Amino acid sequence: MKHQFVLILDFGGQYNQVIARRVRELGVYCEVYSYTKALDIISEKKPDGIIFTGGPNSVYCEDAPKIDASIFEMNIPILGICYGAQMMVHMLGGQVKAADIREYGKTNTKFNSDSLLFEGLSSESITWMSHTDYIVDVPDGFEIIASSKGAPVAAVENRNKNLFAVQFHPEVSHTIYGKEIIKNFLVSACHCNCDWTMKSYLDTAITEIRDRVKDGKVLLALSGGVDSSVLAALLSKAIGNQLTAVFVDHGFMRKNEGDEIEESFKDWDMNFVRVDSSERFLDRLSGIIDPEQKRKIIGEEFIRVFEEEAQKIGKVDFLAQGTIYPDIIESGLGDASVIKSHHNVGGLPDCVDFKEIVEPLRMLFKDEVRQLGAELGLADVLVHRQPFPGPGLAIRIIGDITRDKLDILRDADYIFREEIANAGLDRSINQYFAVLTSVRSVGVMGDFRTYDYTLALRGVTTTDFMTADFARIPYELLEKISVRIVNEVNHINRVVYDITTKPPATIEWE
Ligand code: XMP
């Protein structure tokens with residue numbers, strides 16, 4: 001069954017991915033492209049609707065991004081947001097002006113409930129505004145359908161031509177009816193039936209993988225992170241034992257984690273290879289204290305182990321990669337430098353003989369990857385695994401790494417995670433872990449003086465991991481965790497909680 005497709009044209013706005021997420025949540029498949037590619041993508045994909053994103057420019061600046069005007073004559077419904085709205089109005093003969101003050105934040109806005117976008121909504125609500133320029137004059141054929149104090153023309157429509165424009169940001173959760181407004185556009189203007197679900201994505205993905213791979217062999221480096229685990233499960237469903245998943249166990253996983261990963265894939269149809277390489281990683285890291293050097297050595301060694309295993313398998317046809325959508329979305333302003341090359345394993349292995357790469361998750365956002373994992377029936381521990389750095393505990397032991405220190409950290413970290421889960425905080429704190437500082441301090445236990453390690457606990461709340469706040473874990477819970485760790489784990493006599501935000505600190509300590 002063909003699903004409908006909405007094209008999001010990006011003009012450099014900061015919320016381009018949020019728009020895409022909202023549209024998909026509403027059950028309509030969409031993709032984001034730079035506005036410069038509009039005509040090619042339209043003729044290739046024949047979208048049922050188009051959304052213009054916001055952007056940092058002013059429409060009357062000479063080098064402001066402009067869409068090809070023919071787009072307004074194609075009979076495809078268009079919704080312009082913020083800059084996208086101003087550009088539409090400006091190009092069709094309306095007028096946009098610079099205001100003296102910027103309208104920013106939650107704004108009381110009046111809606112015309114007879115309009116297509118605001119149908120069924122109350123006549124007044126809060127929207128999220130972020131603009132300096134504003135629309136002062138609307139083009140012929142357009143009607144004003146919303147207004148606010150700073151934006152007398154907060155939304156317009158031309159029902160004959162199916163063109164709509166909103167000055168505010170419906171994609172941002174602060175716009176109370178944002179989702180309904182986008183839905184009205186998708187359903188009433190674009191006639192979408194909102195039937196894109198993870199189940200339908202899964203069926204399509206399986207068919208596509210089978211068509212592409214045929215009877216070829218596929219190799220995957222499985223880290224046990226969400227992306228590579230979901231990828232392994234998807235490939236297993238699609239091509240069974242034509243897949244070989246190599247799990248390089250570098251020995252820096254958390255307590256029981258290597259076994260959990262192995263156990264989770266026990267009943268899946270694939271060749272699962274776990275390579276216990278802890279000895280060789282520890283050897284290479286002996287005496288290394290610099291965090292970046294640790295990362296480099298681990299990355300290199302990972303590739304070496306993976307290559308050795310791949311060579312045992314012989315020729316493979318495809319290498320599978322867990323690339324996801326945010327890794328490949330290009331900026332609307334065409335700045336190629338923001339396209340990340342994303343190789344979880346730290347670079348493509350040179351010596352593995354393969355013809356092509358398969359990346360079946362490349363159009364999914366992170367939370368969609370988790371949904372797909374759940375749809376596939378992948379174990380909860382993998383689907384909801386918190387982010388864990390590739391180098392693992394090696395960068396959570398400050399300074400040099402020994403087997404003893406790893407054991408101490410594993411036990412302490414396990415207690416911390418167990419207590420956070422018992423308190424029901426494991427989904428609200430986005431990342432939480434223990435760090436073995438190399439600081440030793442004096443303590444007293446019974447009648448004895450101790451001189452042992454200080455353990456640091458870190459818990460953060462964040463949406464993007466670029467900035468983060470420290471999690472407000474209740475004192476009582478911190479106390480319980482501290483008592484348990486000091487009593488149950490030898491060589492830790494002091495526990496501290498990290499109360500710095502990012503920035504200025506980072507989430508990890510190394
Ligand atoms: P920082 O410490 O930079 O961490 O605030 C941000 C996020 O990135 C993770 N992280 C890493 N992930 N390899 C990874 O795969 C690494 O070397 C690495 N360093 C940090 C960190 O856990 C957090 O989620």
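The values are calculated or read from the model by the stated rules, or taken from the named source; none is laboratory data. The model shown is predicted, which means the values in this text are computed figures rather than measured ones. Because the Cβ atoms are built from the backbone with ideal geometry, glycine has one as well, and the counts that use them run over all protein chains shown. Please note that ligands, DNA and RNA were not included when accessible areas were found on the heavy atoms of the full protein model with its side chains. Shrake-Rupley method; radii C 1.70, N 1.55, O 1.52, S 1.80 Å.
Results, tabulated for the structure shown:
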| read-out | value |
| --- | --- |
| Estimated FRET transfer efficiency when R0 is 25 angstrom, pair LYS480-ALA374 (beta carbons, to 0.05) | 0.20 |
| Two-decimal Rg to Rh for region 133-182 - Kirkwood Rh, Cα set | 0.98 |
| Cβ-defined net charge surrounding SER147, 13 Å radius [Lys, Arg +1; Asp, Glu -1] | -1 |
| Accessible surface of region 198-383, 1.4 Å probe, proportion on carbon and sulfur as whole % | 47 |
| Residue-normalised accessible area of region 433-484, given per residue in Å² at a 1.4 Å probe | 57 |
| For q = 0.08, 0.14, 0.16, 0.19 Å⁻¹, Debye-computed log10 I/I(0) when each Cα of region 5-189 counts as one equal scatterer | -0.20, -0.67, -0.90, -1.36 |
| Degrees between helix 403-422 axis and first principal axis of the chain (Cα, 0 to 90, nearest 10) | 50 |
| For GLN167, distant residues with modelled amide H under 5 Å away | CYS82, ALA155 |
| Candidate residues GLU119, GLU308: accessible-area rank, largest first, probe 1.4 Å | GLU119, GLU308 |
| Carbon + sulfur, % of accessible area of region 402-497 - ligands and nucleic acids excluded, 1.4 Å | 51 |
| Positive-pole candidate from ASN493, LEU378, SER58, dipole of the chain, charges at beta carbon | ASN493 |
| Angle in degrees between helix 291-313 and the longest Cα principal axis of the chain, rounded to the nearest 10 | 90 |
| For a label point 7 Å along the Cα-to-beta-carbon line of GLU25, residues of region 162-178 with backbone N under 13 Å | 170-178 |
| Between helix 198-213 and the chain: long-axis angle, C-alpha atoms, 0 to 90°, nearest 10 | 70 |
| Largest to smallest accessible area among HIS250, HIS3, HIS191, HIS384 [probe 1.4 Å] | HIS191, HIS384, HIS3, HIS250 |
| Residue-normalised accessible area of region 198-383, expressed per residue, 1.4 Å probe, Å² | 44 |
| Fraction of accessible area attributable to carbon and sulfur, region 14-100 (%, probe 1.4 Å) | 43 |
| Dipole moment magnitude, nearest 20 debye, region 402-497 about Cα centre, only Lys, Arg, Asp, Glu C-beta charged | 200 |
| The chain: radius of gyration and largest Cα-Cα distance (Dmax), Å | 26.6, 88 |
| Average projection area in nm² (convex hull over Cα atoms of region 167-263, one quarter of hull surface) | 10.5 |
| Average projection area in nm² (convex hull over Cα atoms of region 452-495, one quarter of hull surface) | 3.6 |
| Counted charge near SER115, where neighbours are those whose Cβ lies closer than 11 Å (Asp, Glu -1; Lys, Arg +1) | -3 |
| Label-point gap, in nm, between ASP68 and GLU143 - each point 7 angstrom along Cα→Cβ | 3.2 |
| Heavy-atom accessible area ranking, 1.4 Å probe, most first, across ILE101, ILE329 | ILE101, ILE329 |
| Excluding exposed DSSP-loop chymotrypsin sites (Phe, Trp or Tyr not before Pro) (at most 16 other C-beta within 10 Å), longest clean stretch of the chain | 61-464 |
| Local net charge near VAL59, Cβ-Cβ under 12 Å (Lys/Arg +1, Asp/Glu -1) | -1 |
| Structure-based [θ]222 nm, the chain - -39500 (n - 2.57) summed over DSSP H runs of at least 4, per residue, nearest 500 | -9500 deg cm²/dmol |
| Sites matching GluC sites (Glu not before Pro) across region 12-55 that sit in DSSP coil, with at most 16 neighbouring C-beta atoms within 10 Å | none |
| Of the trypsin sites (Lys or Arg not before Pro) in region 373-460, those whose Cβ has at most 14 other Cβ within 10 Å and which sit in DSSP loop | ARG427 |
| Nearest-10 value in Å² for the accessible area of ASP400, using the 1.4 Å probe | 60 |
| Loop trypsin sites (Lys or Arg not before Pro), region 1-84, which have at most 12 other Cβ atoms in a 10 Å radius of their Cβ (DSSP) | LYS2 |
